[in-house]
């Protein structure tokens, strides 16, 4: 098995290894190949000395170059922060309408506000800001409390019916179930529904208008167009916070639901609220 | 105690596995090769190929091509920073990279075609490794002399002369290598500017790193490793066997006329022994850049550079014999001729069967005929190559230089507005793919009653708008399309965005969908 053996067919000597009569030819590797292999081994050893590598009991060896991927991320983040610095400073100083008027600043604010929105606002307003029942769609052109950048900023900063913020937007529709009769509620529901669509029983509309004039105009206005000062919705448009239709309206008249939005100024700070306001305004419905 | 004598001891058949007798080297040092200068028609052809390929490589970045004020004027430029590729009159955007893929397919199929026809012609003539090794050998010969002088110098002791020769050889190699690395980067930026920056020390660090890496590889592969690259590092010698068949031309030692070889033909002949044409002068081995002996038959190391062919033809000329003892021949011809001269394989090569009495070749011997090139395999490669080429040309001639791409907002898909109308948002990308500014018109087709407005612009809501686009740029717009409630027909309606350049009559369309809630119908 271990004696010198030359393969008869190829004339090449074998390594002396034999398995069931099959012998392995000895075609030597080129020496440079082996040297290259040793260089890679040396490189690997040097690498484990230079960089963090060997697992120890509580952590890994640090490496003499002191590299750490966490630090690398920190440095990159710091660089990114520094790059944003110019915009962040400008956003701090300028008002939202000034920001919205400046192309570069607006682009930055929309991007930054979009990121903030995805973390803080999507839980209620949805990832596309499309809202849902009881939570307003921010893409459309209907605004309970006003849709200018300043008004949006005010809403975000101080919230709606958020008790612990003194500057919060405050209003409440009384539960008319205690004030008017169920028939009147059905009538006023039909009247309000008729302002933007068809109703089943048209005979209810006229008495409903009378009920409306007696009870609702104070907040919703003579023409039912609402009042943004009070957050009273426009009842003549196609957009309904809870649901369209006379039944749904009657339900809301009898025992109104009131949404609450927290004040964000304390959590996000002035700049982020401004960015959010510009972002929400950019969604397509801003006034 | 009973004592055994020596003869009674049992002998075991055992040997140490690492005994010096059985130990063999597992690693082979490189054997130095000193290729002799060849001369002849193939050598001249190789000089020509070398001049053309090196000329293209080193000079191409300096060619200028006027594209007007809004595009670079370098004929061949890979502008990675701006994601544009310029090749003479063609400008390629990243999404048109399939042209490059197509060219690579053509290169691949072309390689198959060439290999199945004339063997490893790529390896022997045009492979950068071959061309640069040839160039480095020119330098080596100019400084150290031809084969014998180089062998003597290499074997001799270190003297001042040897030192000077070696240092100057490696210095010139390094200069060539640096020029090679330097030329590479010129394809990626404006050549005159970049070369100035490189010498000023103001070029980007990636430029210097690239030059350094390519200098190192050129010097190592072309000067130091040479044939080792082909034999051990390159996959192509292993793959190309699949392209070769019995009708492929390869560099062949025709042992049907060469054997039995003899250095003393007359003496042997006088002794009544048969003699072939090969005089065993080893000229073919001396010129071989791979250091192999073609007379051992086809082998993996052979790059078919045909220098042995030149060397042997030179010898045959001097001997007054027909050229072509080593020739481009097909395996089928070779086998047929071997069968003839060995009387069907029944014995060794018999020179009396090669030539007739008047010392011309026997009429039974096969010779290469050009029609062997035309066989199903080469037809297939040729037609595949042509098909890809024609498809590329067709696609290039008919491609759009003005495009529109539309992304429909997915979230929300639609928005109901106060007046009950429905709004959809679209990200509209207008691609002006020529290096000139132009004004283009975007129109809506279909979607009754709908109008579009561009976010961030003062354009009034309308069914069309004109917009100026920058040269060679993508213009991205946010467009809102609004359809009155009464006009909404379906939950999903299709309509077209059409973009046209009214000066050049170029246009493009994109069919988009307009979504609406069920309730709006």
Any residue in the range B:475-482 that is more than 14 Å from every other protein chain (Cβ to nearest Cβ) and surrounded by fewer than 18 Cβ atoms within 10 Å (Cβ to Cβ)?
-> yes
Going by the structure shown, is residue B:299 surrounded by fewer than 18 Cβ atoms within 10 Å (Cβ to Cβ), out of contact with any helix residue (DSSP H, G or I) (no Cβ under 7 Å at 6 or more places or on another chain) and within 30 Å of residue B:381 (Cβ to Cβ)?
-> yes
Checking B:359, B:352 in turn, the sole residue that is over 25 Å from residue B:303 (Cβ atoms), assigned to a loop (DSSP other than H, G, I, E, B) and either over 41 Å from the mean Cα position of the chain (by Cα) or not assigned by TED's automatic domain parsing to the domain that holds residue B:309 (or both) turns out to be B:359
Taking the options A:51, A:38, name whichever one is under 24 Å from residue B:30 (Cα atoms) and not assigned by TED's automatic domain parsing to the domain that holds residue A:274.
-> A:38
Any residue at all in the range B:192-208 that is within 14 Å of chain A (Cβ to nearest Cβ) and on the phi < 0 side of the Ramachandran plot?
-> no
Helices (runs of 4 or more DSSP H) contained in the range A:1-103 and holding at least 3 residues within 11 Å of chain B (Cβ to nearest Cβ) | A:31-50
In the range A:106-146, residues that are within 10 Å of chain B (Cβ to nearest Cβ) and in a loop (DSSP other than H, G, I, E, B) total 13
Collect the residues in the range B:215-237 that are away from every other protein chain (no Cβ under 14 Å) and surrounded by fewer than 19 Cβ atoms within 10 Å (Cβ to Cβ), keeping them in residue-number order.
-> B:235, B:236, B:237
Looking at this structure, is residue B:334 part of a strand (DSSP E or B), in contact with a strand residue (DSSP E or B) (Cβ under 9 Å, 6 or more places away or on another chain) and either more than 21 Å from residue B:308 (Cβ to Cβ) or modelled with pLDDT of 90 or more (or both)?
-> no
Checking A:160, A:152 in turn, the sole residue that is assigned by TED's automatic domain parsing to the domain that holds residue A:113 and touching a strand residue (DSSP E or B) at 6+ places or on another chain (Cβ under 9 Å) turns out to be A:160
Restricting the range B:398-434 to residues that are within 31 Å of the chain's Cα centre (by Cα) and in a loop (DSSP other than H, G, I, E, B), which is farthest from the other protein chains (Cβ to nearest Cβ)?
-> B:399
Select from the range B:142-171 the residues that are buried (at least 18 other Cβ atoms within 10 Å of the Cβ) and touching a residue at least 60 places away in the same chain (Cβ under 8 Å) and list them in ascending order.
-> B:150
What residue, of B:362, B:383, B:395, is at pLDDT 95 or above and more than 14 Å from every other protein chain (Cβ to nearest Cβ)?
-> B:383
For the range B:308-318, does any single residue satisfy the condition of being free of Cβ contacts under 8 Å to residues at least 40 places away in the same chain, more than 14 Å from chain A (Cβ to nearest Cβ), out of contact with any strand residue (DSSP E or B) (no Cβ under 8 Å at 6 or more places or on another chain) and buried (at least 17 other Cβ atoms within 10 Å of the Cβ)?
-> yes
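Residues checked against (1) outside any helix (DSSP H, G or I); (2) without any contact (Cβ under 8 Å) to a residue 40 or more places away in the chain; (3) closer than 28 Å to residue B:226 by Cα:
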| position | (1), (2), (3) |
| --- | --- |
| B:67 | yes, no, no |
| B:72 | yes, no, no |
| B:78 | yes, no, no |
| B:86 | yes, yes, no |
| B:100 | no, yes, no |
| B:110 | no, no, yes |
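The rows are residues; the columns are (1) out of contact with any helix residue (DSSP H, G or I) (no Cβ under 9 Å at 6 or more places or on another chain); (2) over 20 Å from residue A:285 (Cα atoms).
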position	(1), (2)
B:429	yes, yes
B:438	yes, yes
B:441	yes, yes
B:455	no, no
B:460	yes, no
B:465	yes, yes
Mind checking which residues of the range B:1-42 are under 30 Å from residue B:137 (Cβ atoms) and at pLDDT below 70?
-> B:25
Taking the range B:53-95, which residues are under 15 Å from residue B:185 (Cβ atoms) and either in contact with a helix residue (DSSP H, G or I) (Cβ under 8 Å, 6 or more places away or on another chain) or not assigned by TED's automatic domain parsing to the domain that holds residue B:184 (or both)?
-> B:57, B:58, B:60, B:61, B:62, B:74, B:76, B:77, B:78, B:79, B:80
Hey, residue A:230 hits all of (1) in the same structural domain as residue A:120 (by TED's automatic domain parsing); (2) in contact (Cβ under 8 Å) with a residue 40 or more places away in the chain but one; which does it fall short on?
-> (1)
Would you mind stating whether residue B:517 is at pLDDT below 95 and either surrounded by fewer than 14 Cβ atoms within 10 Å (Cβ to Cβ) or farther than 30 Å from residue A:197 by Cβ (or both)?
-> yes
Within the range B:155-229, which helices (runs of 4 or more DSSP H) (wholly inside it) include 3 or more residues that are modelled with pLDDT of 95 or more?
-> B:160-185, B:205-218
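Yes/no per residue for (1) surrounded by 13 or more Cβ atoms within 10 Å (Cβ to Cβ); (2) modelled with pLDDT of 90 or more:
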residue: B:454; (1), (2): yes, yes
residue: B:457; (1), (2): no, no
residue: B:462; (1), (2): no, yes
residue: B:506; (1), (2): yes, yes
residue: B:513; (1), (2): yes, yes
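The values are calculated or read from the model by the stated rules, or taken from the named source; none is laboratory data. As the structure is a prediction and not an experimental result, all values here were calculated from the model. Backbone-built Cβ (ideal geometry, glycine too); neighbour counts: all protein chains shown.
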